């Protein structure tokens with residue numbers, strides 16, 4: 001897959017594609033249906049399928065304090081898009097200059113002069129350009145003017161509900177991982193590189209792998225039974241996702257203890273799949289109380305994972 005890091009990085013080989021534009025947060029079944037449409041159209045036109053992403057996501061730019069929690073980081077999103085068959089991803093920096101483009105300037109700079117798109121697949125509620133002045137009808141007009149096709153996305157329904165990133169976030173907040181898996185088409189996970197931490201886990205007798213979340217907000221919090229993949233091997237584990245109130249933490253962090261693992265995890269990239277929530281994150285009166293709770297969490301995680309093989 002080709003990753004194009006900005007409009008200024010577009011080369012001739014990136015042009016003439018079939019494209020879609022959106023957040024693609026979580027790359028859920030609705031997104032996967034768009035990818036299937038892109039791939040089919042790209043095959044028919046003998047070209048490549050491209051997804052256009054904005055970073056940060058527009059709501060994170062305009063109202064960061066109100067922006068929804070991210071289901072997936074940019075890297076996770078790109079990995080999923082590649083897994084589902086996208087040939088090319090264009091990541092456009094969403095900043096003051098870009099948000100000031102008029103709808104017509106957006107079309108000219110991104111779709112025409114930039115990617116020279118042959119076909120575009122977007123939702124009929126897609127808005128773009130300064131003050132969100134551009135809409136689906138304007139894209140259809142531009143398609144007639146510049147010679148590219150436009151069609152809208154289809155709704156994907158699961159158990160009577162339209163699949164959306166909002167619905168996935170709701171299922172994660174409820175820790176309903178079975179429902180989340182139905183909406184995503186796979187079990188929910190987070191991944192990242194293990195960083196050096198406070199070494200508190202070792203003090204408590206449970207060394208943990210600390211992972212920076214690279215999200216403004218997290219979609220859920222608590223203590224979870226997880227499966228952890230590292231170096232192509234999968235281990236049972238227990239994870240704390242949150243701010244760690246007992247030690248006065250402020251920044252959300254993912255801490256994972258691998259049951260039975262004794263190697264060095266620093267700087268390794270690990271994949272954490274959520275199986276079931278054990279309890280909410282809470283503040284303990286002492287480190288001894290926290291240590292006792294962690295021991296209970298480990299036993300609960302072992303029981304849960306043994307029952308969910």
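The values are calculated or read from the model by the stated rules, or taken from the named source; none is laboratory data. Note that the coordinates shown come from a computational prediction; the quantities given were computed from them, not determined experimentally. Positions of Cβ are backbone-derived with ideal geometry, glycine not excepted, and every protein chain shown enters the neighbour counts.
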Legend entry - Criterion (surrounded by 15 or more Cβ atoms within 10 Å (Cβ to Cβ) and in the same structural domain as residue 89 (by TED's automatic domain parsing)) met by exactly one of 134, 147: 134
Legend entry - Flag for residue 240 being under 23 Å from residue 181 (Cα atoms) and free of Cβ contacts under 8 Å to residues at least 60 places away in the same chain: yes
Inset, instruction - Examine the range 95-114 for a residue that is in contact with a strand residue (DSSP E or B) (Cβ under 9 Å, 6 or more places away or on another chain), under 29 Å from residue 192 (Cβ atoms) and surrounded by 15 or more Cβ atoms within 10 Å (Cβ to Cβ), and state whether such a residue exists. - result: yes
Inset, instruction - State which residue is surrounded by the fewest Cβ atoms within 10 Å (Cβ to Cβ) when the search covers only the range 27-73 and only residues that are touching a strand residue (DSSP E or B) at 6+ places or on another chain (Cβ under 6 Å) and free of Cβ contacts under 8 Å to residues at least 40 places away in the same chain. - result: 55
Inset, instruction - Could you tell me whether any residue of the range 280-287 is surrounded by 16 or more Cβ atoms within 10 Å (Cβ to Cβ) and out of contact with any helix residue (DSSP H, G or I) (no Cβ under 8 Å at 6 or more places or on another chain)? - result: no
Legend entry - Answer from 115, 97, 120, 101 - the residue that is in the same structural domain as residue 27 (by TED's automatic domain parsing), in a helix (DSSP H, G or I) and more than 22 Å from the chain's Cα centre (by Cα): 97
Inset, instruction - Would you point out the residue of the range 145-158, among those that are part of a loop (DSSP other than H, G, I, E, B) and more than 23 Å from the chain's Cα centre (by Cα), that is farthest from residue 126 (Cα to Cα)? - result: 147
Inset, instruction - Could you identify the single residue in 123, 114 that is at pLDDT below 95 and at negative phi? - result: 123
